[in-house]
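The values are calculated or read from the model by the stated rules, or taken from the named source; none is laboratory data. Keep in mind that what you see is a predicted model, and the values were worked out from it rather than measured. Positions of Cβ are generated from backbone atoms using ideal geometry, with glycine treated the same way; all protein chains shown enter the neighbour counts.
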Amino acid sequence: MNSTPAPPILLTVAGFDPSCGAGIAADLKTFAMHDCYGVAAITALTIQSTQGVKAVQPVPHATLRAQLDALAEDVEIACVKIGMLANRGNAVATAEFLDQNGLSRVVLDPIVHPSSGGPELLDPSGLKFLRDEMIKRVAVVTPNLAEAELLTGLEVKDVASMKAAAQKLVEMGARAAVVKGGHLDKPIDVLFDGNEIVTFGGDQVKSGHTHGTGCVFSSAIAAQLASGRALPEAVTLAKAFVTKAIEHGLPIGKGPGPVNPFYRFRLDSPPRASRTDLHTMHPAAETTLR
């Protein structure tokens, strides 16, 4: 009998990016690198690459709910990460699922616009539902500057306004908010947990490979929360993780390449062997060559 203990099971509810730099694929990579097991419910199929989003095909909300119900009937979910929802129907289906299953350890990454331009990733009615209803169901919401503006109605351009936005998001119902300042000259993030404001500094990483940054950051927070970390520590560790993932971003495609949640594999791996070395190391191959 297998005595290996089950890892924390994390659910991502998000869209599928065929280039696998963002969305479901980025979330699952990040969960795996935190010793968690990821399961996924897809909200939309996108046509995109590193060069941008060309089209979005939302999954019918009944199909999304069926995916979620099938998972909840089978596994115990330790934490939920919500990304792209595409439309109000999917947002409502997800909120009802959270309520009916008593899931409150939820990280919401409120994705509305693709950073590279293109079609909207959440319709106006869905954005209103996020603002009025979904935010009340989450442990922490992680908007960037533009998303914080859309949710709060405030102008968010600097650290002072990031603090005001984080406080407003908590007033709106979130238990905590992290406003991400990755586009500032210095990438400062601001956390407000309802009691105190904490700022997280860092150095700007010079990299053109930043596709999926927000997905990896929010997924890393979810993984840390599922592992029992308090929110400030979870944010600290997630920020360190995504910084390294950016530093080791991959030059894939003709646009901004993806960040690399698997960077530790590249740091720990021995130098890649040549074909001759591989034959020498593999007895079966060596015998065949003779």
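When segment 52-72 is filtered for residues that are charged (D, E, K, R) and within 23 Å of residue 254 (Cα to Cα), only 54 remains.
Regarding segment 193-201, can at least one residue be identified that is under 26 Å from residue 253 (Cα atoms) and in a loop (DSSP other than H, G, I, E, B)? No, every residue in segment 193-201 fails to be under 26 Å from residue 253 (Cα atoms) and in a loop (DSSP other than H, G, I, E, B). Residues in segment 150-179 that are part of a strand (DSSP E or B) and touching a Pro at 6+ places or on another chain (Cβ under 7 Å): 179 alone.
Scanning segment 150-183 for residues that are among the charged types (D, E, K, R) and under 19 Å from the mean Cα position of the chain (by Cα), we see that the one that is nearest to residue 116 (Cα to Cα) is 180. Looking at 114, 110, 124, just one residue is modelled with pLDDT under 95 and either closer than 21 Å to residue 217 by Cβ or in contact with a helix residue (DSSP H, G or I) (Cβ under 9 Å, 6 or more places away or on another chain) (or both), and that residue is 114.
Within segment 184-193, being surrounded by fewer than 12 Cβ atoms within 10 Å (Cβ to Cβ) and of a type outside the set (Asp, Glu) holds for one residue alone: 186. Residues that are surrounded by fewer than 20 Cβ atoms within 10 Å (Cβ to Cβ) and in contact (Cβ under 8 Å) with a residue 40 or more places away in the chain were ranked within segment 59-76; the one that is nearest to residue 124 (Cα to Cα) is 71. For segment 127-149, taking the residues that are among the small types (Gly, Ala, Ser) and in a helix (DSSP H, G or I), the one that is modelled with the highest pLDDT is identified as 148. For segment 213-259, the set of residues classified as of a type in the set (Lys, Arg) and over 13 Å from the mean Cα position of the chain (by Cα) consists of 229, 244, 254, listed by residue number. Being among the hydrophobic types (A, V, I, L, M, F, W, C), over 19 Å from residue 87 (Cα atoms), surrounded by 24 or more Cβ atoms within 10 Å (Cβ to Cβ) and in contact with a Leu (Cβ under 8 Å, 6 or more places away or on another chain) is a property that residue 156 has.
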